[in-house]
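Right, one structure below, let's go through it.
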Amino acid sequence: MTSLSDLPIRDDLRGRTPYGAPQKSVPVALNVNENTHPVPEDVAADIVARVAVAITGVNRYPDREFTELREAFARYLGHGLDASRIWAANGSNEVLQHILQAFGGPGRSLLGFAPTYSMYPLLASGTGTSWIAGARDADYELTPDTAAAEIRRADPDIVILCSPNNPTGTPLDLATIEAAYDAARGIVVVDEAYAEFMPDGEPSALTLLDGRPRLLVSRTMSKAFAFAGARVGYLAADPAVVDALRLVRLPYHLSALTQAAALGALAHSDEMLAMVGEIRLQRDRLVTELARLGYAPHRSGSNFVLFGGVADPHAVFEALLERGILIRDVGIPNHLRVTAGTEAETTAFLEALAALGRPSGSAAPVNSQS
């Protein structure tokens, strides 16, 4: 049987593995930062009705410029934005891919601050862009001085800042984004996939867009909007950046059905986001209870919590899986990550973790066979 190594793939892709998280059918899946609350029934009905209308015209290509959807995103984001400053694609990963196709490539580099979203280096490799892992401060924080120093050291063509950061949950101050932009000579991307989970009143990088034509702010509907299966991501930037992304997108890349579904969800944004407050409560509950159990949770502005003090992450992961609880081993030594689910899901996780015993060094060691 032919193996991947037998094929004439690009040399820089040899030995690499694709992105992937465990996909298992379990009662409580808290491993990929989804919004585990379902779409409200009335919203789902409206989305279905819109898709039904759209499907009657699928013999024709969709609006290549997805104008109505861009206008809807601009209204949702506010900050004086209009459709000329909005771009969208099939998930924020494709948005980021478009950015790398337009501004990265062979001989160019992308700087991120590790540990961070594992797709960044994969997207870089897929576009022939060199990946540079910059350093963070203690507890995965990123100060203005550290960000600026790493950018000046590496002199990248593109800088990407994950805010809040995945997988650590670390919020990012606007001062750090400003310092990064001032230090960079090229594109600066702020990935705000989890922005809606930040505390009310916390400013977004969207407030920094005016006067900064190299600054791009990426968002997604996958998380707060409970729309992960629809695959819709978008960004706000200078109109010239949007023109650049048009050069690399595939023709008609957003289907008529995707556009209709996204418009339906945005029409009900208040209702779709009503569960965000409950998710924040469960996230904060995780932080409190994980500490009480003897672990070391990190501060989080997202819908998940990274916690340390795990002597054997693989053993704990497997022990929880045996109990029907799926979380994420993100490869950080002595750490695991858990998504904030519904109250019932969060309770199930905490009870299962407590049943394993306190972490080593806190009291009785974790026993994967208990």
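The values are calculated or read from the model by the stated rules, or taken from the named source; none is laboratory data. Only a predicted model underlies this, so the values are computations on that prediction, with no experimental measurement involved. We place every Cβ from the backbone using ideal geometry, glycine too, and count neighbours over all the protein chains shown. Ligands, DNA and RNA are stripped out before the accessible areas are found, and what is left, the full protein with its side chains, is counted by its heavy atoms. Shrake-Rupley method; radii C 1.70, N 1.55, O 1.52, S 1.80 Å.
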Starting from region 285-298, keep only residues that are of a type in the set (A, V, I, L, M), then list their pairs with residues that are open to solvent by 30 Å² or more (accessible area, probe 1.4 Å) whose Cβ atoms are within a distance under 7 Å, requiring at least 6 positions of separation or different chains. 286/297; 287/297; 290/297; 291/297; 293/354; 293/358; 296/309
With respect to residue 247, determine if the residue is open to solvent by less than 20 Å² (accessible area, probe 1.4 Å) and under 20 Å from residue 186 (Cα atoms). no
For the structure I just gave you, tell me whether residue 240 is more than 20 Å from residue 283 (Cα to Cα), among the hydrophobic types (A, V, I, L, M, F, W, C), open to solvent by 50 Å² or more (accessible area, probe 1.4 Å) and not in a strand (DSSP E or B). yes
Those helices (runs of 4 or more DSSP H) lying entirely in region 86-172 with at least 2 residues open to solvent by 10 Å² or more (accessible area, probe 1.4 Å) and of a type in the set (Lys, Arg): 144-154
When region 13-60 is checked residue by residue, the ones that are of a type in the set (Ser, Thr, Tyr) and within 27 Å of residue 282 (Cβ to Cβ) are 19, 25, 36
Considering only residues of region 323-349 that are β-branched (Val, Ile, Thr) and part of a strand (DSSP E or B), which is nearest to residue 226 (Cα to Cα)? 339
When region 79-92 is examined, which residues are found to be touching a helix residue (DSSP H, G or I) at 6+ places or on another chain (Cβ under 8 Å) and closer than 25 Å to residue 207 by Cβ? 79, 81, 82, 83, 84, 85, 86, 87, 88, 89
Restricted to region 1-47 and to residues being in contact with a Gly (Cβ under 9 Å, 6 or more places away or on another chain), in contact (Cβ under 8 Å) with a residue 60 or more places away in the chain and outside any loop (DSSP other than H, G, I, E, B), the residue nearest to residue 331 (Cα to Cα) is 29
Exclusive hit being among the polar types (S, T, N, Q) and in contact with a strand residue (DSSP E or B) (Cβ under 9 Å, 6 or more places away or on another chain), set 56, 2, 36: 36
Within the bounds of region 271-279, is there any residue that is part of a loop (DSSP other than H, G, I, E, B), more than 21 Å from residue 76 (Cα to Cα) and either at pLDDT 95 or above or touching a helix residue (DSSP H, G or I) at 6+ places or on another chain (Cβ under 8 Å) (or both)? no
Could you check, for region 224-238, whether at least one of its residues is at pLDDT 95 or above and over 21 Å from the mean Cα position of the chain (by Cα)? yes
Quick one: how many residues across region 23-37 are under 30 Å from residue 123 (Cβ atoms) and open to solvent by 50 Å² or more (accessible area, probe 1.4 Å)? 4
So is residue 229 free of Cβ contacts under 8 Å to residues at least 24 places away in the same chain, open to solvent by 10 Å² or more (accessible area, probe 1.4 Å) and at positive phi or not? no
